[in-house]
Amino acid sequence: MIHIETKKEELSLLVILPGDPLRGEYIAKNFLSNVKKTNSIRNMFGFLGDYKGKKVSIQSTGMGIPSISIYLNELIMLGAKKFIRIGTCGSISDSTNLRDLILVQSAATDSSFNKIRFNGEIDYPATPSFELLLNAYKTALNLDFKTIISSVLTSDTFYYESDMSSRFKLWEKYGLTAIEMETAALYTISKGANVDSLSILSVTDHIVKKESLSPQERVNSLNDMITLSLEAIISE
Ligand code: HPA
């Protein structure tokens, strides 16, 4: 593949997708055994390792729809079947706060990528694999992790030009509790390719309240999300 040098036999059917390559390395080092680095192209690291006796791959995706789309398409071409994205998001809701974990039940988007895919004729409802969502929810209950099942906005914009507060209020009213930049593409591409996917997001920023987790707090909330994703992806 152009962006992934991982060989088919070095890839698990089960893939965890962090955005940040160094987060991928952190997961491989701290949560997996028998680790092999399988991708280094553009430093977008990929790893294969064992988690509780099962082979799991990690492939970092970079930020935004174009980047995750490239890696997801190539992983699907290589034969991977189940994907859990673990990412961060910024809350726009009073009831969703720093450190909360969101299981994303649907993703709206301001990106044109689905307009192009569907000839501008429909607004596609990007949704996860229900089985993976249910698995992750049950796994979280077993681990005693609190999760929020919610819709989010997948945006192409991180730094907005104008004041967005009235838009944030409107979106929140319709159940979009947080903003991130990848999930709508993950869900749409997965559905079209008949593979399973789910996004789990940790709230690291509160866009309206203008709060952010410190670097150490980001790591701690990450650990719960990593455990949840690994346990959910290996459970049938
Ligand atoms: N906006 C979009 N994506 C994000 C944010 C944000 O504020 N925080 C983490 N991912």
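Annotations for the structure displayed:
- Filtered by the rule that a residue be under 20 Å from residue 227 (Cβ atoms) and open to solvent by 30 Å² or more (accessible area, probe 1.4 Å), segment 22-49 gives 22, 23, 25, 26, 29, 30, 31, 33, 34, 35.
- Any chance residue 106 is among the small types (Gly, Ala, Ser), modelled with pLDDT of 95 or more and surrounded by 24 or more Cβ atoms within 10 Å (Cβ to Cβ): no
- Odd one out for residue 134, checked against (1) in contact with a strand residue (DSSP E or B) (Cβ under 7 Å, 6 or more places away or on another chain); (2) surrounded by fewer than 22 Cβ atoms within 10 Å (Cβ to Cβ): (1)
- Search result, residues across segment 44-66 that are within 16 Å of the ligand (Cβ to nearest atom) and more than 22 Å from residue 7 (Cβ to Cβ): 63, 64, 65, 66
- Among the residues making up segment 184-203, those that are among the β-branched types (Val, Ile, Thr) and closer than 22 Å to residue 141 by Cα are 200, 203.
- Hits in segment 67-88 - residues which are away from the ligand (no atom under 16 Å from the Cβ), of a type in the set (A, V, I, L, M, F, W, C) and either open to solvent by 10 Å² or more (accessible area, probe 1.4 Å) or in contact with an Asp or Glu (Cβ under 6 Å, 6 or more places away or on another chain) (or both): 70, 76, 77, 78
- Residue pairs meeting the criteria (Cβ under 8 Å; at least 6 apart or on separate chains; first closer than 26 Å to residue 139 by Cα and within 11 Å of the ligand (Cβ to nearest atom), in segment 204-233; second assigned to a helix (DSSP H, G or I) and open to solvent by less than 20 Å² (accessible area, probe 1.4 Å)): 204/221; 213/221
- Members of segment 170-194 found to be open to solvent by 10 Å² or more (accessible area, probe 1.4 Å), part of a helix (DSSP H, G or I) and within 16 Å of the ligand (Cβ to nearest atom), listed by number: 171, 172
- Where a residue in segment 115-142 is free of Cβ contacts under 8 Å to residues at least 24 places away in the same chain and its partner, wherever it lies, is crowded, with 17+ Cβ neighbours inside 10 Å and assigned to a helix (DSSP H, G or I), with Cβ under 6 Å and at least six apart: none
- Scanning segment 1-16 for residues that are open to solvent by 50 Å² or more (accessible area, probe 1.4 Å) and outside any loop (DSSP other than H, G, I, E, B) turns up 8, 9.
- Selection count, segment 196-221, where residues are open to solvent by less than 20 Å² (accessible area, probe 1.4 Å), aliphatic (A, V, I, L, M) and outside any loop (DSSP other than H, G, I, E, B): 4
- Set 162, 151: member being polar (S, T, N, Q), more than 9 Å from the ligand (Cβ to nearest atom) and in a loop (DSSP other than H, G, I, E, B): 162
The values are calculated or read from the model by the stated rules, or taken from the named source; none is laboratory data. Nothing here was measured: the structure is a model prediction, and the numbers come from that model. No Cβ is skipped: glycine too gets one built from the backbone with ideal geometry, and neighbour counts run over all protein chains shown. The protein model used for the area step is the full one, side chains on, heavy atoms only, and it has no ligands, DNA or RNA in it. Shrake-Rupley method; radii C 1.70, N 1.55, O 1.52, S 1.80 Å.
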